[in-house]
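Working notes, structure below.
The values are calculated or read from the model by the stated rules, or taken from the named source; none is laboratory data. For clarity, every value in this text was computed on a predicted model and none was experimentally measured. Because the Cβ atoms are built from the backbone with ideal geometry, glycine has one as well, and the counts that use them run over all protein chains shown. These area figures cover heavy atoms from the full protein model, side chains too; ligands, DNA and RNA do not enter into them. Shrake-Rupley method; radii C 1.70, N 1.55, O 1.52, S 1.80 Å.
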Amino acid sequence: MTDRLAELSAQGVAVWLDDLSRVRLTTGSLEKLRVDQHVVGVTTNPSIFQKALSDADAYDDQLKDLAAQGVTVEEAVRLMTAKDVRAACDVMRPAYDASKGVDGRVSIEVDPRKAHETESTVAEAKTLWWLVDRENLYIKIPATLAGLPAITATLAAGISVNVTLIFSLDRYRAVMEAFLAGLEQAKLNGHDLSKIGSVASFFVSRVDTEVDKRLDKIGSDEAKSLKGKAAIANAQLAYEAYTEVFGTDRWKTLAGAGAHPQRPLWASTSTKSPEFKDTIYVEELIAPGTVNTMPESVIFAYEDHGDTRGDTVSGAFDDAKKVMTDLAGVGIDFNDVVKVLEDEGVDKFEVSWKELLDGVTKSLKAAAKGSDSPSDAA
């Protein structure tokens with residue numbers, strides 16, 4: 001039987017899971033994915049935790065303890081999510097050790113309501129780093145304009161960072177600049193660069209969703225022929241930018257001091273349209289030194305029928321540039337596309353965070369009253 005995920009890993013693509021819950025931890029599901037499906041990392045976001053914590057039964061004992069302590073809802077959310085992430089870090093520790101700190105990472109995100117507040121983001125990043133207390137942790141910071149200096153400051157403090165919500169090449173280059181500056185400051189601050197990790201989460205399928213909607217509105221045959229091409233082309237050009245930046249003398253100096261490169265991480269890789277193969281955002285983005293974080297459904301789909309054809313990115317830069325030129329030619333304003341996507345991304349996570357807080361508020365009240373079914377209140 002072909003081990004397609006092993007083939008994918010052999011091409012230099014780290015397979016990460018885009019999900020986490022208390023149930024996944026207590027049932028051994030995450031451990032099984034690490035052992036059987038070659039999963040070597042985990043990403044989370046407010047939407048994932050909102051869904052996980054809606055199952056109050058799984059958190060019943062901890063909710064009762066937190067209610068008895070009279071903690072605020074924000075404290076409760078942080079303590080519950082930190083416990084899950086800490087446990088996931090322990091499950092992933094073998095992958096961390098085997099890769100000498102490159103993989104085996106688990107992400108936890110700063111409060112999305114602070115996406116446009118630099119100092120608050122840095123302060124929360126430091127608090128989360130202390131709270132989870134695992135060296136294979138990533139603190140997830142959005143790549144907003146306010147997030148860029150927060151990324152630099154967090155890395156300068158010796159804290160590993162997953163930069164999220166990247167949609168444009170310009171912003172991605174700014175993220176890489178923030179990373180390099182952060183490592184340079186970390187070195188001056190006396191931190192061991194070999195212990196500091198980072199990935200840059202470049203979002204994929206959401207780009208096609210927004211662009212294809214606009215192509216349908218344009219309606220011409222030429223426009224329709226470009227559907228399903230923007231996201232992959234955009235990501236391929238991001239990889240070209242990555243190879244350029246991490247081939248510079250500036251980077252080589254940091255690498256000589258023990259630093260690991262900030263790998264591109266392909267996020268939002270589930271197919272949103274039935275017109276496209278369910279593994280397209282994996283198959284078309286195979287390149288050395290990348291991460292692909294997938295929902296469990298995509299991991300199993302790739303295991304079943306994924307097609308590993310070798311590097312599908314490095315030789316595609318010219319074709320990708322033509323796609324972007326053709327999109328502009330039919331009237332797609334890509335700068336507007338990525339602005340809309342960044343704004344929507346922050347807004348969606350804020351909504352999920354509010355739903356998370358509301359659900360935990362009800363669960364805490366139920367636990368305080370000694371309810372037998374806190375999940376009913378959630």
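Taking each of K252/K322; K187/K229; K51/K100; K83/K213; K83/K348 in turn, the alpha-carbon distance tops 29 angstrom for K252/K322; K187/K229; K51/K100; K83/K213. The phi torsions of segment 206-223, fed into the Karplus equation with coefficients 6.51, -1.76 and 1.60 and a -60° offset, translate into couplings of 4, 5, 5, 4, 6, 5, 5, 4, 6, 5, 4, 5, 5, x, 6, 4, 5, 5 Hz, rounded to whole numbers, with Gly and Pro shown as x. Averaging Cα coordinates gives a centre for segment 231-283 and one for segment 141-208; these two points are 14 Å apart.
Result for the chain in a Gaussian network model with C-alpha springs under 10 Å: among D358, D192, D249, the largest mean-square fluctuation is at D249.
What the Cβ-Cβ distance of A123 and Q62 gives, at R0 = 35 Å and to the nearest 0.05, is a FRET efficiency of 0.90. Shape of segment 121-192 from its Cα gyration tensor (a ≥ b ≥ c, root eigenvalues): rounded if a/c is under 1.5, otherwise prolate when a/b > b/c, or oblate? Oblate, because a/c is 1.5 or more while a/b does not exceed b/c. In the elastic network of the chain, a GNM with C-alpha springs shorter than 10 Å, the most mobile of H305, H260, H116 is H305. Solvent-accessible surface of the chain, taken per residue with a 1.4 Å probe and all protein chains present: 41 Å². In the chain, the longest principal axis of the Cα atoms and the axis of helix 169-188 are about 60 degrees apart. Got the relative contact order for the chain handy, in percent, Cα pairs under 8 Å and 6 or more residues apart? Normalised by residue count, the contact order of the chain is 23 percent. With all protein chains in place and a 1.4 Å probe, the accessible surface of segment 19-140 carries 50 percent carbon and sulfur.
Starting from the Cα gyration tensor of segment 55-183, take the square roots of the eigenvalues, sort them a ≥ b ≥ c, and report rounded, prolate or oblate (rounded when a/c is under 1.5, otherwise prolate if a/b is larger than b/c, else oblate). Taking the square roots of the gyration eigenvalues as a ≥ b ≥ c, segment 55-183 is oblate. Overall, the accessible surface of segment 258-378 at a probe of 1.4 angstrom is composed of carbon and sulfur to the extent of 50 percent.
Approximating the spin labels as points 7 Å out from Cα along Cα→Cβ, the K339-to-D55 distance works out to 4.1 nm.
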